[in-house]
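Please read the structure below before turning to the comments.
The values are calculated or read from the model by the stated rules, or taken from the named source; none is laboratory data. Just so it is clear, the structure is predicted and the values come from calculations on it, not from any experiment. FYI the Cβ positions are ideal-geometry reconstructions off the backbone, even for glycines, and counts take in every protein chain you see. Accessible surface is based on the protein model in full, side chains and every heavy atom, while ligands, DNA and RNA are left aside. Shrake-Rupley method; radii C 1.70, N 1.55, O 1.52, S 1.80 Å.
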Amino acid sequence: MRSISRRDFLKLGAASTAVLAVESQFNVIAYAAEQLIEGGRSVTRASGLPRSFLPSTCMQCPAGCGIIGYVEESRVVKIGGNTKHLSNQGALCGRGQAGINAIYDPERLLSPMKRVGPRGSDSWEQISWDQAMEEVGGSLASLKSRNPRQLLFLTDDIGDDHLGQRFTHAFGSPNIIASIGDFNANKLVADELTWGASGDMPDVANSKYILIFGANPLESNPQYLGLSRRLVQGIRDNQAKVVVFDTRLTNTSALSNELHFVNPGSLGLLILTLANVIMQEGLYKRTFIEKWTNVTPEQLAQHLAQYTPERAEAEAGVEASVIRTVATEFATTAPATTFTDQVLSNHSSGVQNERAAMLLSIITGNIDNRGGLCLPREQELAQPEPVPAPPPPSALSNPPAYPLASEQTIAGTFAQIQSREEQVGVLISHNCNPAYSNPDLGLVEDVLKDETLIPYHVAITPFLTETAALADIILPETTYLEDSDIIVKPSPELVPYVSLRQPVVPPLKEARPFFTIATELAAIIKGGMEQYFSFKRVDEYLSARIANIGGLQAAGALDYLKQHGVWYDPKSQPDYQAFKQNGFSTPSGRMEVNSERIAALGSPALPTYEPVTFMSQLGEQDYVLTIFDTAIQSDWKTGNCMWLDEILHRNPVWMNPATAEELGVEDGDEVKLTRPNNVGEAKARSVTSTVYLTEGIHPKVIAMANGVGHTAYGRIAQAEEIPYREPPDVLQNPNTEMIWWGHEEPGGNGVNPKQIVPVTLDPVGGGEAWGDMVVTVAKV
Ligand code: SF4
């Protein structure tokens with residue numbers, strides 16, 4: 001397969017220039033925001049009116065960047081980046097700025113709603129909070145007295161929803177499942193097995209050589225702005241060489257030194273071949289392998305010998321000479337790191353793929369060193385007393401088929417419910433949208449509509465999402481700009497920090513924070529549950545969460561966070577290679593390259609390439625469908641943000657011109673993507689969209705963007721105008737009359753390709769194999 005040089009990039013994408021320009025602007029924005037936090041005066045340019053400002057935390061994606069909310073006459077008029085925040089350091093992406101669209105979404109739910117027709121019929125009546133709490137509290141109290149383990153609580157990220165977890169456990173149920181598991185479960189299992197920690201953190205700012213396998217940190221990553229900022233820093237200040245292996249030209253590969261297209265599904269093979277070259281050429285770090293892993297170099301060399309560059313050239317499509325060069329450069333340039341994400345791990349062999357990538361850093365000794373692949377650092381928070389004991393696991397919280405998985409998938413959960421493996425009494429969906437985000441949306445919809453499977457569904461959300469549309473009752477929650485919480489994330493700077501989310505403005509109309517909803521429900525449910533929600537005010541709860549952090553307590557505790565938005569120990573430096581004192585948190589204290597726990601599940605103990613049969617034997621009519629994230633839309637979360645929808649509202653099918661010629665289609669033609677019968681089960685088999693021709697994609701791959709194609713979530717998400725009404729109120733916005741994109745052109749509002757993706761889980765990690773999706777393509 002052809003590789004792309006830096007010169008080609010200049011022709012193919014201007015993204016790299018754009019990123020560097022953004023980076024250079026950070027400092028200007030940073031300076032202005034710094035002055036404000038220190039007590040400066042801010043005035044809106046257009047109105048001349050003074051505006052107040054408050055630091056908080058963005059929740060438009062998992063990164064949790066520090067923001068400054070600017071408020072004029074009780075209205076948020078601008079969101080900027082908080083320069084003091086250790087992760088984003090003043091930078092802010094478009095989604096963060098569009099938080100204003102979320103809080104002033106003209107179709108926000110601002111009073112409780114109860115369905116009056118069949119589920120999903122969009123027939124609702126407005127009810128009072130008193131009635132809503134009486135009905136929801138009564139149903140939950142009844143379930144708690146009968147069988148509390150039948151409560152199922154779905155959320156986006158358990159780490160960001162500790163109140164949800166506290167609620168579920170205090171209720172007596174182990175069943176809290178997060179949709180983030182659908183994306184990262186396999187990678188977490190690989191990390192936990194190998195070095196005993198969840199996740200990793202490539203120290204890209206200090207690296208000299210960065211090897212990226214399918215990841216695209218300049219557009220999408222759980223630590224998006226923090227890591228993209230550090231990657232640009234590494235390239236600009238450290239002259240790091242960046243080499244990308246991918247099936248698609250992305251903003252990240254556009255900024256790299258080399259992009260090598262690789263055949264779809266063969267990244268695992270390519271990675272193990274790189275490792276083999278390093279071993280055969282004697283470029284490995286013998287001392288590190290012998291001291292810190294549970295294998296010998298000889299064992300590894302023997303195992304890896306099967307992965308020859310010639311085999312990889314034939315199967316992965318990368319020239320053997322390129323593989324030898326990259327392997328040699330990686331092993332002889334120090335420090336170096338690999339960079340992976342869900343693109344590598346979201347396969348039915350995802351755990352093995354991710355273990356293979358870790359092996360490259362292990363054999364070159366680039367583990368937790370400055371510039372290498374580092375262990376994640378995240379501030380630990382206290383659990384306010386009394387702490388509800390986690391109830392014993394269930395088949396939903398810990399499916400016996402996936403004993404190693406620390407995160408379950410909502411996709412797997414819905415499949416279990418449909419097969420009646422476990423009975424659900426009440427479903428609470430909080431801040432998540434599986435009816436948009438999951439694979440096999442038909443399955444999700446069927447389960448949510450079936451009252452024998454889900455007898456009662458309570459949606460706690462500010463928006464009428466695809467999932468909330470299938471609820472029995474909706475409790476209108478505040479948006480993140482009206483709410484409080486303590487947020488911690490893995491630190492891209494490798495120094496733990498604590499971030500505060502605080503209300504930039506008070507809740508609109510009748511919306512209530514989740515803290516209030518959970519506390520009031522606990523008081524109604526009783527049965528001992530109320531003792532875990534006895535905090536008089538949310539500040540009391542937040543203070544208890546940070547009570548264990550001595551440095552923050554000395555600095556002023558919650559008051560400090562309210563003023564600055566973030567805290568970290570200013571004297572703290574990354575504690576590189578602390579494992580040399582304490583060992584790794586694995587049973588052996590070493591990195592477990594040879595995993596008995598994997599072997600016990602019937603998968604090879606050493607990192608091994610396990611080809612997916614239908615991926616490695618693609619027929620002439622078969623193509624691999626990649627669903628990619630962008631920097632504009634954040635999966636389901638930003639669907640009704642009009643500033644973002646105006647930029648990204650369609651997801652045409654990326655197609656190589658050579659592929660188009662074979663298929664007899666041209667740019668703009670309408671095509672139908674159909675899942676073949678041998679590629680799993682999903683209720684929907686086909687989606688239709690238009691063709692976008694680009695050289696920046698492998699000829700056997702077609703790709704579609706995620707985040708558009710909504711079927712609910714408000715009129716803007718569905719590209720419909722909202723007439724401006726008089727008299728104006730806080731949610732009225734004349735710009736909603738100017739929705740110029742829409743249904744009149746094919747694919748005008750996008751399509752959700754996840755509906756044709758079957759639920760296919762990695763047998764070891766239990767995570768969804770999004771990347772193993774094959775389709776046939778036909779002109780409509
Ligand atoms: S990266 Fe995520 S958290 Fe940060 S500003 Fe953008 S949307 Fe918000």
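Condition first: under 30 Å from residue 507 (Cβ atoms), open to solvent by 60 Å² or more (accessible area, probe 1.4 Å) and not polar (S, T, N, Q). Can you find one or more residues in region 738-753 that meet it? Among the residues of region 738-753, at least one is under 30 Å from residue 507 (Cβ atoms), open to solvent by 60 Å² or more (accessible area, probe 1.4 Å) and not polar (S, T, N, Q), which makes the answer yes. Considering every residue within region 401-411, establish whether at least one is under 18 Å from residue 179 (Cα atoms) and of a type in the set (Val, Ile, Thr). Yes, region 401-411 contains at least one residue that is under 18 Å from residue 179 (Cα atoms) and of a type in the set (Val, Ile, Thr). Among the residues of region 162-178, those identified as in contact with a strand residue (DSSP E or B) (Cβ under 7 Å, 6 or more places away or on another chain) and open to solvent by 10 Å² or more (accessible area, probe 1.4 Å) are 165, 176. Going through (1) aliphatic (A, V, I, L, M); (2) in contact (Cβ under 8 Å) with a residue 60 or more places away in the chain; (3) over 30 Å from residue 543 (Cα atoms); (4) open to solvent by less than 20 Å² (accessible area, probe 1.4 Å) one by one, residue 453 falls short only on (2). What about residue 153, is it modelled with pLDDT of 95 or more and within 22 Å of the chain's Cα centre (by Cα)? Here the answer is yes, as residue 153 does meet what is asked.
Taking first residues from region 318-342 that are in the same structural domain as residue 245 (by TED's automatic domain parsing) and open to solvent by 30 Å² or more (accessible area, probe 1.4 Å) and partners that are among the β-branched types (Val, Ile, Thr) and assigned to a helix (DSSP H, G or I), the Cβ contacts under 6 Å between residues at least 6 apart in sequence or on separate chains come to 324/277. The number of residues in region 716-737 being surrounded by fewer than 16 Cβ atoms within 10 Å (Cβ to Cβ) and under 28 Å from residue 687 (Cα atoms) comes to 2. For region 82-113, filtered to residues that are among the β-branched types (Val, Ile, Thr) and more than 13 Å from the ligand (Cβ to nearest atom), the residue that is most open to solvent (accessible area, probe 1.4 Å) is 83. Among the conditions (1) among the β-branched types (Val, Ile, Thr); (2) crowded, with 23+ Cβ neighbours inside 10 Å; (3) under 26 Å from residue 725 (Cα atoms), the only one that residue 68 does not satisfy is (3).
Say whether the condition of being closer than 26 Å to residue 350 by Cβ and either of a type in the set (S, T, N, Q) or within 16 Å of the ligand (Cβ to nearest atom) (or both) is met by at least one residue in region 236-245. No, every residue in region 236-245 fails to be closer than 26 Å to residue 350 by Cβ and either of a type in the set (S, T, N, Q) or within 16 Å of the ligand (Cβ to nearest atom) (or both).
Every residue, every condition in (1) surrounded by fewer than 17 Cβ atoms within 10 Å (Cβ to Cβ); (2) assigned to a helix (DSSP H, G or I); (3) out of contact with any helix residue (DSSP H, G or I) (no Cβ under 6 Å at 6 or more places or on another chain), yes or no:
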position	(1), (2), (3)
348	no, no, yes
353	no, yes, no
365	no, no, no
379	no, no, yes
385	yes, no, yes
389	yes, no, yes
395	yes, no, yes
401	yes, no, yes
423	yes, no, no
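Among the residues that make up region 404-413, is at least one of them over 30 Å from residue 639 (Cβ atoms), more than 25 Å from the chain's Cα centre (by Cα) and assigned to a loop (DSSP other than H, G, I, E, B)? No, region 404-413 contains no residue that is over 30 Å from residue 639 (Cβ atoms), more than 25 Å from the chain's Cα centre (by Cα) and assigned to a loop (DSSP other than H, G, I, E, B).
In this structure, is residue 674 open to solvent by 10 Å² or more (accessible area, probe 1.4 Å), more than 25 Å from the chain's Cα centre (by Cα), closer than 27 Å to residue 772 by Cβ and hydroxyl-bearing (Ser, Thr, Tyr)? Spelling it out, residue 674 is indeed open to solvent by 10 Å² or more (accessible area, probe 1.4 Å), more than 25 Å from the chain's Cα centre (by Cα), closer than 27 Å to residue 772 by Cβ and hydroxyl-bearing (Ser, Thr, Tyr).
Taking residue 569, is it in contact (Cβ under 8 Å) with a residue 24 or more places away in the chain and under 23 Å from residue 499 (Cα atoms)? Criteria met by residue 569.
Could you list, in sequence order, the residues of region 168-198 that are β-branched (Val, Ile, Thr) and closer than 14 Å to residue 155 by Cβ?
Scanning region 168-198 gives 168, 176, 177, 180.
Yes/no matrix, rows are residues, columns are (1) assigned by TED's automatic domain parsing to the domain that holds residue 752; (2) out of contact with any Gly (no Cβ under 8 Å at 6 or more places or on another chain):
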residue: 580; (1), (2): no, yes
residue: 593; (1), (2): no, yes
residue: 624; (1), (2): yes, no
residue: 628; (1), (2): yes, yes
residue: 633; (1), (2): yes, no
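Taken as a whole, the structure leaves residue 324 outside the set of residues that are assigned to a loop (DSSP other than H, G, I, E, B), at pLDDT 95 or above, farther than 30 Å from residue 533 by Cβ and of a type in the set (Lys, Arg).
Does region 166-176 contain at least one residue that is without any contact (Cβ under 8 Å) to a residue 12 or more places away in the chain and away from the ligand (no atom under 16 Å from the Cβ)? First the steps, then the outcome.
Here is the first cut: in region 166-176, the residues without any contact (Cβ under 8 Å) to a residue 12 or more places away in the chain are none.
No, that holds for no residue.
Applying the set (1) hydrophobic (A, V, I, L, M, F, W, C); (2) within 13 Å of the ligand (Cβ to nearest atom); (3) out of contact with any Cys (no Cβ under 9 Å at 6 or more places or on another chain) to residue 76 leaves exactly one unmet item: (2).
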